[in-house]
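Report on the structure given below.
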Amino acid sequence: MDDIYREIILEHYKNPSYKGELNPADMSFEDENPLCGDHLRIDLRVDEAGTVTDARFSGHGCAISQASADLVVESIIGKNVEELKKMTKEDVLDLLGIEELGPVRLKCALLSLKVLKGGLYGVPEGHSEFE
């Protein structure tokens, strides 16, 4: 991993811009990565047109899972829910600037995508159809 990408991950981990909770939220979903204990919740506010107007994440975990959550939340504000349903793991890895990760770190990086899509699709917590 290039140093610049390490710096981006560490910056979003240490100083996340979108960490917190929305109360009230139109959509909330949380899940965890049982392999390492990362836990993540994403809250969304969505307007009548289906556009995300605000979003936040909360929880705890490693630098990659927390940086990924901050970057994902930042990237989804202003987008339509239907557009977000098409978000892929490659999109998340591009946000992080990472091409390849080992299997455990990959699960950490993709926890935010799993939580987001679980909320958008109404999937019960603990399912992993979207990884």
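Which of the residues spanning region 29-52 are polar (S, T, N, Q) and touching a helix residue (DSSP H, G or I) at 6+ places or on another chain (Cβ under 7 Å)? Of everything in region 29-52, just one residue is polar (S, T, N, Q) and touching a helix residue (DSSP H, G or I) at 6+ places or on another chain (Cβ under 7 Å), namely Asn33. Where strands (runs of 3 or more DSSP E) fall entirely within region 24-131, those with at least 1 residues that are hydroxyl-bearing (Ser, Thr, Tyr) and more than 19 Å from Arg6 (Cα to Cα) are at 27-33, 52-60.
Residues in region 28-52 that are loosely packed, with under 15 Cβ neighbours inside 10 Å and either small (Gly, Ala, Ser) or under 21 Å from His12 (Cα atoms) (or both): Gly37, Ala49, Gly50.
Summed over region 10-33, residues that are at pLDDT below 95, out of contact with any Gly (no Cβ under 8 Å at 6 or more places or on another chain) and of a type in the set (A, V, I, L, M, F, W, C) total 2.
Of the residues making up region 43-53, none is in contact (Cβ under 8 Å) with a residue 40 or more places away in the chain and in contact with a Leu (Cβ under 6 Å, 6 or more places away or on another chain). Taking the criterion of being of a type in the set (Val, Ile, Thr) and either surrounded by fewer than 15 Cβ atoms within 10 Å (Cβ to Cβ) or under 18 Å from Arg45 (Cα atoms) (or both), the residues of region 74-122 that qualify are Ile76, Ile77, Val81, Thr88, Val104, Val115.
What number of residues in region 63-73 are within 14 Å of Ile8 (Cα to Cα), aliphatic (A, V, I, L, M), surrounded by 23 or more Cβ atoms within 10 Å (Cβ to Cβ) and in contact with a Phe, Trp or Tyr (Cβ under 7 Å, 6 or more places away or on another chain)? Residues flagged as within 14 Å of Ile8 (Cα to Cα), aliphatic (A, V, I, L, M), surrounded by 23 or more Cβ atoms within 10 Å (Cβ to Cβ) and in contact with a Phe, Trp or Tyr (Cβ under 7 Å, 6 or more places away or on another chain) within region 63-73 amount to 2. Selection of region 53-62 for residues being in contact with a helix residue (DSSP H, G or I) (Cβ under 7 Å, 6 or more places away or on another chain) and either surrounded by fewer than 16 Cβ atoms within 10 Å (Cβ to Cβ) or at pLDDT 95 or above (or both) yields Ala55, Arg56, Phe57.
The values are calculated or read from the model by the stated rules, or taken from the named source; none is laboratory data. Nothing here was measured: the structure is a model prediction, and the numbers come from that model. Because the Cβ atoms are built from the backbone with ideal geometry, glycine has one as well, and the counts that use them run over all protein chains shown.
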